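The values are calculated or read from the model by the stated rules, or taken from the named source; none is laboratory data. The shown structure was predicted, so the numbers you read here are calculated from the model rather than taken from an experiment. Neighbour counts are summed over all protein chains in view; Cβ atoms, including those assigned to glycine, are modelled from backbone coordinates with ideal geometry.
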Amino acid sequence: MNKNKQKLAALGILGAAGILGLTGVRYLSRFIINKVHDSFLKTLTEDLYDENLWETVSSTMRIGPQVVLETELRAEEGKMIDRPMGPVRQFPGLDDLKFNVAQVNTLPTEIDTDIDFSITIGRYSRKPLQLNHFMMLAPIAYGIAVSKPVKIAMARACAAAGAAYHTGAGALTSEAFEEAGKIIYQYGRGNWPVSPEYMLRSHAVEIQLGQGAYGGVGHVIKANMLSSELRKEFNIPKGQDLITYSRQAEVQNPEDLKNLVEKLRNQTDGVPIGVKIAAGKYLEADLYWICRSGADFIVIDGAESATKGSPPILQDDFGIPTVFAIHRAVKWMQKHGFKDRISLVASGGIRTPGDALKVKALGADACQIGAIALVALSHNQVHKPLPFEPPTSLTWFGEKYSDQFDIETGARALQNFFESCKLEMAEGIRALGKTSLSQVNREDLVTTNEMFAKGLGIPMVYDAFDPMEQQPPRVRRLRL
């Protein structure tokens, strides 16, 4: 009995010592942290700037974290750097546009009203591209940018959501073609062979002359960076570099574009033939040659556009923001009688259902999404590379975590995104008192930006609308 009591006493002493020990550690830790904190704060608030650690923060804030980081990367090896996912600078954008709200003078559409989303690209071509979704996938290249599983997931998602799938300018994969529904084939600027078989299986062809985050600049992937599988997919021999030229081989002067459009139209038996360009200062001059070529649609990539990687100078300091590019294109095409014949597709920085509906209001017939599609595609998988690798290592070809991308999960997530965006756009159309996507136009817009009001001819939010003076149609019939 005494022995048991002694054991219990010993255990009690040990327990008490443990508690006291933990308490001691806690208070000691707090004491040390407090002393370190006080010392650091004292040093921070007493040292002059030439010795003060805070100078790092203030100089970084002044220069900008992005510029500081990219300066370090340039200084490391003296080579041109490639930044993924597009510009970081904020351009005048779609956030400065707001929609009207239908309430009394114009009544909102009833909640159970179906919204017509039907779209026709290349309406005067022999085989117009009929769609039921305003958003389509942007050209994202397999091999040059993303992995094969990512392209398969994209194709599957687009087919399920009724959105157009885009091959991009990279290698082609039969698995993605089997999964996709409506397909746009990109006629790129590379030194690898064109595939007549895949082009004939497509529902539209897009001639790539440039893109918003790269302009018309070419780039090279060295032969030693290509796996045997990728060389097979591109159909190029061992030892040959993969080159994307600055110019289309068949367009060495503006007049050549007409011949290329006609050639592709004949080869594909009349599917819509389009041309993709980056928007620049002389946008209307580029449009002049494209419209004269007989193209059925034009894709205009604004300065906000992203890519797998391009020099920051091309992303931040070149091009025209999407909102002004679309406005200028629509205005010029309407003035010269091309808008009814040639479809216009907006691209660059379109990320939300509201962005999409705004470019529709500005006059676009459809829009392409790229960077935000990759974000949606990575839903429920982005944790895999984090925290030690960037999220894009899950989707880029050949990156460390690309083999962990799950096709089914990615396809379902991107399909959900497409479908959710369509539902939100439908709600927005009802809020305008309309019943179809085609009815949305620039009269539905106001702006919070005076540059937009001047440059786009859209009323400022503070501009009053007096029905006694301006008399919209519904008011004109009333005697007030």
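Residue by residue through region 346-358, note down the ones that are among the hydrophobic types (A, V, I, L, M, F, W, C) and more than 14 Å from the chain's Cα centre (by Cα). Hit for region 346-358 is Leu357, nothing else.
Tally the residues that are crowded, with 19+ Cβ neighbours inside 10 Å and either without any contact (Cβ under 8 Å) to a residue 24 or more places away in the chain or more than 20 Å from the chain's Cα centre (by Cα) (or both), restricting the search to region 380-401.
3
The residue that is surrounded by the most Cβ atoms within 10 Å (Cβ to Cβ), among those in region 185-244 that are among the β-branched types (Val, Ile, Thr) and part of a loop (DSSP other than H, G, I, E, B), is Ile236. The sole residue among Arg89, Arg74, Arg62 that is of a type in the set (Lys, Arg) and over 23 Å from Thr392 (Cα atoms) is Arg62.
Residues in region 444-463 that are of a type in the set (D, E, K, R), surrounded by fewer than 12 Cβ atoms within 10 Å (Cβ to Cβ) and outside any loop (DSSP other than H, G, I, E, B): 2 in all.
Is there a residue being surrounded by 12 or more Cβ atoms within 10 Å (Cβ to Cβ) and under 21 Å from Gly162 (Cα atoms) anywhere in region 465-476? Checked against the condition, which is being surrounded by 12 or more Cβ atoms within 10 Å (Cβ to Cβ) and under 21 Å from Gly162 (Cα atoms), region 465-476 yields no hits at all.
Residue count for region 139-171 under the criterion of being in contact with a Ser or Thr (Cβ under 6 Å, 6 or more places away or on another chain) and either part of a loop (DSSP other than H, G, I, E, B) or of a type in the set (S, T, N, Q) (or both): the result is 1. Filtering region 336-357 for residues that are free of Cβ contacts under 8 Å to residues at least 60 places away in the same chain and outside any loop (DSSP other than H, G, I, E, B) leaves a non-empty set.
Of these, Ala373, Ala356, which one is crowded, with 20+ Cβ neighbours inside 10 Å, at pLDDT below 95 and closer than 30 Å to Thr447 by Cα?
Ala373
Among all residues of region 412-429, there is none that is assigned to a loop (DSSP other than H, G, I, E, B) and either at pLDDT 95 or above or surrounded by fewer than 16 Cβ atoms within 10 Å (Cβ to Cβ) (or both).
In region 162-175, the qualifying residues are those that are surrounded by fewer than 22 Cβ atoms within 10 Å (Cβ to Cβ) and at pLDDT 90 or above, and the one that is nearest to Glu419 (Cα to Cα) is Gly162. Picking from residues in region 258-276 that are in contact (Cβ under 8 Å) with a residue 40 or more places away in the chain and part of a helix (DSSP H, G or I), the one that is nearest to Ile119 (Cα to Cα) is Arg265. Among the residues of region 364-395, the ones that are of a type outside the set (S, T, N, Q), outside any loop (DSSP other than H, G, I, E, B) and touching a Leu at 6+ places or on another chain (Cβ under 8 Å) come to 5 in all.
Number of residues in region 294-317 that are over 20 Å from Val345 (Cα atoms) and touching a residue at least 60 places away in the same chain (Cβ under 8 Å) equals 8. For region 394-427, filtering for residues that are polar (S, T, N, Q) and touching a Ser or Thr at 6+ places or on another chain (Cβ under 7 Å) leaves 2. Ala303 fulfils the conditions (1) aliphatic (A, V, I, L, M); (2) farther than 26 Å from Trp332 by Cα; (3) assigned to a loop (DSSP other than H, G, I, E, B) except for a single criterion, (2).
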